[in-house]
Amino acid sequence: MTSFEALRALFPLCSRRAYFFAGAQAPLATPVRHAMEAVMEVWEQDAWRIEEREWRHLDDAGETIANLFGCDASEVVIAENTSHAMSIATGLVVARWWQRGSPPANVVVHANAHPASSYTWLNLVRVGAPLEIRWAERVSDVRSGGFAGLVDDATLAVVLSHVDHALGARLAIPAVPETTAVLLDAAQSAGALDLTAEVRLCDFVGFPAYKWLFGPPGVAFLIARRSWLDEIGPLFAGWASAEDTMRMELRSLTVAAGARGFRLGMPNFVGVAGAAAGLRITANAGIQAIAGRIESLTERFYAGVDALGLASPTPRAFPQRAGIVVLDLPDPLELQRTLLDGDIDVGVELGRLRIDLHAFNTEAEVDLLLDRLDRLCNRR
């Protein structure tokens, strides 16, 4: 178990700035840099050995995710980003529907789902798929577990963002018919929360490496129930999808079992090495310890927000949120610019100031941010 002081020391940026935007991009950790540089060293010194040596990082990442979130490593599919991961999940659901004759069907999408989750379904309708998109408009539609009657026996999938990027609200996983797949975009919760329960309840959980999990851009993962991987398999295949990649048999294809069948060709080994290193940081710190630290910091921040009389639509109770807190403030872009000039990194999301508190943050940084907000918003 890593102490939070030791965790913080892994991020050089944290010695210079108060960084509150890990849900957009985590700061670069020294072990992540070193892992990526090690691959580049192999590339520089002995280029042909990259393919021979560096596939191991995909396996390492899969094993770490399996240990973090209670799945099997064979269920962890590599992707480029959350949109790619959720598109893979969508494709598997649609392929099963097509194989069963494409009967009349609908998909229920929560209205606050990130475009990474919703656009893949809207695009299917755009190109002519005969699907009805039903929108769950309220958080309560999800919390009740019934989607206000939107889910029925013709529902192919329910699509959710686990933590709303705009409000910071965490959604419960609804009870649905066995024939309905649950697709969860966990971009704002993977690394901030223990997802073991969600992985057990959902058919698909997609998330990137570069946010709460400390990795670089360009790498993401999809945890898919093995039954989907075995029954449908990859919709796209390349040489690395084959069970025996060295045979190069042109006229037949035996797809590798589980997630390995979804590897198309040479991946971004530099990025995957960095992602695996970021995952190890999370594993060493302990996902439950990280979640507890985030809960403590967000509660401290909320107490200060209330004391300052500032308004936030983010739910107060931690089971209903994670690391994101948003504030309704006049001219948030100007506030952001002023805070950035003062070495405090925050975000603006859909007209609100957004603060992402991670386990590497400190109580002193939270108090500093509250003091600056007091000065700026209350003009003291």
FRET efficiency estimate (nearest 0.05) - Cβ-Cβ, residue 244 to residue 47, R0 25 angstrom: 0.55
Ordering of 47-53, 360-366, 154-160, 13-19 by packing [mean C-beta count within 10 Å, highest first]: 154-160, 360-366, 13-19, 47-53
At R0 = 45 Å, FRET efficiency that the Cβ-Cβ distance of residue 307 and residue 175 yields, to 0.05: 0.70
Gain in span if fully extended, residue 333 to residue 15, counting 0.36 nm per residue against the direct Cα distance: 112.0 nm
The chain: most fluctuating residue of 265, 62, 323 per GNM, C-alpha cutoff 10 Å: 265
Gaussian network model of the chain, Cα within-10 Å springs - most flexible of 321, 126, 134: 126
DSSP-defined beta bridges in the chain - what % are antiparallel, rounded to 5: 50
Pairwise centroid distance, computed over Cα atoms, of region 292-333 with region 176-252, Å: 32
Residues 357, 250 arranged by fewest to most Cβ contacts within 10 Å: 250, 357
Relative contact order (percent, whole number), the chain, Cα cutoff 8 Å, 6+ residue spacing: 23
Among 100, 251, 56, residue whose mean-square fluctuation peaks in a GNM of the chain (springs only between Cα atoms under 10 Å): 251
Full-stretch length increase - residue 80, residue 257 - with 0.36 nm per residue and alpha-carbon distance subtracted: 61.7 nm
For the chain, alpha-carbon Rg and Dmax in angstrom: 21.5, 75
Sorted by Cβ density within 10 Å, fewest first, the residues 228, 43, 98, 212: 98, 43, 228, 212
The chain - mean residue ellipticity at 222 nm from DSSP helices (-39,500 (n - 2.57) per run, n ≥ 4, rounded to 500): -12500 deg cm²/dmol
Residues 266, 86, 36, 246 arranged by fewest to most Cβ contacts within 10 Å: 246, 266, 36, 86
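Values in this text are rule-based calculations from the coordinates and carry no lab data. If you're wondering where the values come from, they're calculated on a predicted model, not measured in any experiment. Please note: Cβ atoms are built from the backbone with ideal geometry, for glycine as well, and neighbour counts cover all protein chains shown.
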